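Student: Have a look at this one.
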Amino acid sequence: MKIFGKIYLGVIFAVMYLPLLVMVFFSFNASNSTATFTGFSLHWYEEMLRDSAAMDALKNTLLLAVVSTVIATILGTLAAVGIFGMRNKWFKTGVLSVSNVPMMNPDIVTGVSLMLLFAFVGRMLGAVESLGFFTILIAHVTFSLPYVVLNVLPKLMQTDPHLAEAAQDLGSTPIQAFFRVVLPSISSGVVSGALMAFTLSIDDFVISHYTSGSFTTLPLLIYTMTKKRVTPEMYAVCSCIFLSVLVLLLIMNLSQIRQAKKMSRISVIGKK
Amino acid sequence: MTDAKMRGVRERKSRTRKKGVSLLLNFPYLIWLSLFVIVPMFIVAAYAFTDASGAFTLDNFRKLSVYRENIFDSFVYALIATAVTLILAYPFAYFMTKRSAAAQRVMMMLVMLPMWMNLLILTYSIMNIIETNGIVNNLLVAMGMEKVQMINTPGAVVFGMVYNYFPYMVLPLYSVLSKIDPALLEAAADLGSGGPSRFRRVILPLSMPGIISGITMVFVPSVSTFYISQKLGGTSVNMIGDVIESLVNRVSTRNLGAMLSLVLMVVILICIMIMNRFSDEEGGIML
């Protein structure tokens with residue numbers, strides 16, 4: 001049984017990583033084929049660095065992800081605090097279900113609905129091109145918001161509501177109380193919400209496809225590249241992304257392990 | 001004023017202050033939600049019920065029967081993909097929980113890593129592996145065997161869905177399975193239930209919330225995909241997502257595309273509601 005479990009896990013992981021290995025492997029191909037390996041070379045990595053379209057797309061992706069994450073995190077955190085303080089139960093469930101809509105809707109429906117909105121408003125304003133950076137930014141904030149709210153709300157429920165009141169009784173203004181008492185106690189939720197918003201933004205293709213206009217992000221560039229026969233250059237771009245994700249995950253994991261060790265040490269001291 | 005009265009006044013004051021603050025904090029969010037979530041849905045509905053000139057019509061819905069097959073195929077492929085993913089991911093998540101804590105952490109990272117990779121590139125890479133002159137066929141020819149047609153078949157599309165959404169099934173399953181208290185299983189064993197009955201009566205009911213959320217997380221993107229079917233299905237598979245994608249890109253057929261989006265949205269919301277109902281009932285039985 002134990003052996004069977006090990007084999008099962010191994011086989012699935014192998015299938016899971018096969019396309020990724022193919023991608024990394026062929027990014028070092030000397031020829032421009034993605035199916036026959038002719039020899040090792042770093043040619044496509046050089047090509048990638050020289051390709052201004054790829055570099056622009058990378059810049060655009062990061063810019064969009066940072067700006068949309070900041071907006072979504074601020075709006076979402078404030079909204080979560082507001083929703084948490086709501087007394088009217090009906091209103092509260094109403095707001096929460098509407099805010100879950102972008103999460104439950106298929107991406108294509110969210111994308112099409114936003115595109116139609118922007119086209120409609122654009123036509124009313126008489127604009128020639130209604131899509132661009134601002135429309136894709138609005139779209140990314142919209143689909144990230146529920147994830148921020150859903151990450152922050154549970155943390156608010158775990159904090160003691162009297163803490164903020166105590167701070168105010170001790171003379172701080174509501175804003176000071178929020179920044180000094182409430183925010184530190186929900187910070188882990190805010191951070192995980194922001195992280196999620198960031199990764200969703202970097203990875204999104206479908207909704208961006210409908211709301212971007214001529215603004216090109218990396219997934220959109222990959223889409224136009226895969227419409228034709230692609231060169232290993234795209235694999236080189238993706239291998240770099242793969243490497244950065246791997247490093248990021250390793251750092252996160254190591255810090256988690258360190259934290260867990262620290263916690264266990266504290267609990268041991270506590271027991272003494 | 002007595003102490004109790006004073007407390008009452010203070011509480012009332014803080015409550016009204018809180019109410020005002022909560023509304024103020026929510027205000028930007030509520031505006032955002034109505035402008036970019038509610039209004040767009042109404043615009044989709046408005047497009048669905050009008051023709052290209054903006055006059056009211058039900059013609060779009062009359063054309064629904066033209067796309068009957070695409071809708072049917074999408075649901076069949078997505079259902080098969082979801083079932084296969086569940087069957088493969090359940091034992092996977094279960095075996096994961098049987099390993100040491102350090103191994104679990106590493107495996108969790110390995111499951112999440114592909115989620116951060118773009119779906120487009122993973123799908124393209126699969127295409128490279130299984131296409132007519134792809135890696136697998138090249139290997140087969142090198143070994144003196146005949147080529148196998150894998151790409152541009154429904155099977156390839158289902159494989160693409162299973163492959164891409166597998167982590168989304170594993171994560172919720174793992175999170176419920178790892179929380180099951182081993183003492184419960186011991187108790188069931190002490191009370192005389194064997195392996196299969198322990199699974200059916202203890203493990204399965206306790207993992208129901210994970211199964212439900214895994215199913216929604218795989219089914220919704222599968223049923224509405226257009227990239228996977230384009231790359232791996234070629235012309236043999238034309239899903240509802242492909243149809244919507246080709247219709248909304250042209251201004252003349254935009255209304256038809258809006259109608260199909262509306263139908264897709266309503267059908268999926270109904271599916272999710274039924275699923276949630278189902279999981280609530282399961283919870284009720286559990287209690």
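The values are calculated or read from the model by the stated rules, or taken from the named source; none is laboratory data. Predicted, not measured: the structure shown is a model, and the values here were computed from it. Here the Cβ is made from the backbone with ideal geometry for all residues, glycine too, and neighbour counts use every protein chain on show. Accessible surface areas use protein heavy atoms only, side chains included; no ligands, DNA or RNA. Shrake-Rupley method; radii C 1.70, N 1.55, O 1.52, S 1.80 Å.
Student: Between B:Phe27 and A:Phe134, take the C-beta separation as r, use R0 = 25 Å, and let me know the FRET efficiency to the nearest 0.05.
Tutor: About 0.75, to the nearest 0.05.
Student: May I ask you to list, by number, the DSSP H helices of chain A whose Cα span along the axis is at least 15 Å and whose average Kyte-Doolittle hydropathy reaches 1.0 or more?
Tutor: Those that pass (Cα extent of 15 Å or more, hydropathy at least 1.0) are A:2-27, A:52-84, A:107-125, A:133-158, A:183-203.
Student: Ok, one more. Using a 10 angstrom cutoff on alpha carbons, build the Gaussian network for chain B and name the most mobile of B:Phe56, B:Phe92, B:Phe36.
Tutor: Maximum fluctuation in the GNM of chain B, among the listed residues, is at B:Phe36.
Student: Given a Förster distance of 60 angstrom, what is the FRET efficiency for A:Ser33 paired with A:Ala260, based on the Cβ-Cβ distance and rounded to 0.05?
Tutor: Efficiency, from the Cβ-Cβ distance: 0.85.
Student: Now a separate question. Express the C-alpha Rg of the protein assembly as shown as a ratio against the empirical globular expectation 2.2 N^0.38 Å, rounded to two decimals.
Tutor: For the protein assembly as shown, the normalised Cα radius of gyration comes out at 1.07.
Student: Sticking with this structure for a sec: Relative contact order for chain B: what is it in percent, counting Cα pairs under 8 Å that are at least 6 residues apart?
Tutor: 26 percent
Student: Sticking with the crude label model, points 7 Å out along Cα→Cβ, report the distance from A:Leu246 to B:Ala55 in nm, one decimal please.
Tutor: 6.2 nm
Student: Does chain A come out rounded, prolate or oblate by the C-alpha gyration tensor, with a ≥ b ≥ c the root eigenvalues, rounded set by a/c under 1.5 and, if not, prolate when a/b is larger than b/c and oblate if not?
Tutor: Verdict is oblate for chain A.
Student: Between B:Phe159, B:Phe75, B:Phe199, where does the largest GNM mean-square fluctuation fall for chain B, given springs only between Cα atoms within less than 10 Å?
Tutor: For chain B, modelled as a Gaussian network with Cα springs under 10 Å, the answer is B:Phe199.
Student: Also, I was wondering about something else. For every other residue with a beta carbon closer than 14 angstrom to the beta carbon of B:Ile130, add +1 if it is Lys or Arg and -1 if Asp or Glu, then tell me the sum.
Tutor: Around B:Ile130, the charge tally is +1.
Student: Okay, next question. Chain pair A, B: how much accessible area is buried, both chains summed, with a 1.4 Å probe, in Å² to 100?
Tutor: Approximately 7300 Å², summed over both chains.
Student: Further question: Output the Kirkwood hydrodynamic radius of the range B:63-286, Cα pairs only, in Å rounded to one decimal.
Tutor: 19.8 Å
Student: Moving to a separate point now. Taking the range B:136-227, which trypsin sites (Lys or Arg not before Pro) meet the DSSP loop condition and have no more than 11 other C-beta atoms within 10 Å?
Tutor: B:Lys179
Student: If you take every residue apart from A:Ile251 with its C-beta less than 15 Å away from the C-beta of A:Ile251, what net charge results, scoring Lys and Arg +1 and Asp and Glu -1?
Tutor: +2
Student: Only helices at least 15 Å long along their axis, Cα-based, and averaging -0.5 or more on Kyte-Doolittle count here, so list those DSSP H runs from chain B.
Tutor: Answer set is B:68-97, B:101-116, B:119-130, B:154-177, B:208-223, B:254-286.
Student: Still on this model: Just to be sure I understand: with springs between alpha-carbon atoms less than 10 Å apart, which residue in A:Phe28, A:Phe143, A:Phe120 has the highest mean-square fluctuation in the Gaussian network model of chain A?
Tutor: A:Phe120
Student: OK, next. Computed on alpha carbon atoms, what radius of gyration and Dmax characterise the range B:96-192, expressed in Å?
Tutor: Radius of gyration, then largest Cα-Cα span, for the range B:96-192: 19.7, 59 Å.
Student: Give the separation of the Cα centroids, the range A:21-47 to the range A:107-170, in Å.
Tutor: The range A:21-47 and the range A:107-170 have Cα centres separated by 41 Å.
Student: Find how many whole Å separate the alpha carbon centroid of the range A:225-260 from the alpha carbon centroid of the range B:174-253.
Tutor: With the range B:174-253 and the range A:225-260 each reduced to a Cα centre, they are spaced 26 Å.
Student: Evaluate E = 1/(1 + (r/R0)^6) for A:Leu195 and B:Arg200, where r is the Cβ-Cβ distance and R0 equals 41 Å; express this FRET efficiency to the nearest 0.05.
Tutor: Efficiency for this residue pair is about 0.60.
Student: Of A:Tyr8, B:Gly257, B:Val66, which is farthest towards the positive pole of the protein assembly as shown's charge dipole, taken about the Cα centre with +1 and -1 on the beta-carbons of Lys, Arg and Asp, Glu respectively?
Tutor: Going by the charge dipole, the pick is A:Tyr8.
Student: Something else about it: Counting only heavy atoms of the protein chains, get the accessible area per residue of the range B:63-286 (1.4 Å probe) and round it to a whole Å² value.
Tutor: About 45 Å² of surface per residue is accessible.
Student: Work out how much length B:Phe72 to B:Met109 would gain on full extension: take 0.36 nm times their residue separation and subtract the Cα-Cα distance, in nm to one decimal.
Tutor: 9.7 nm
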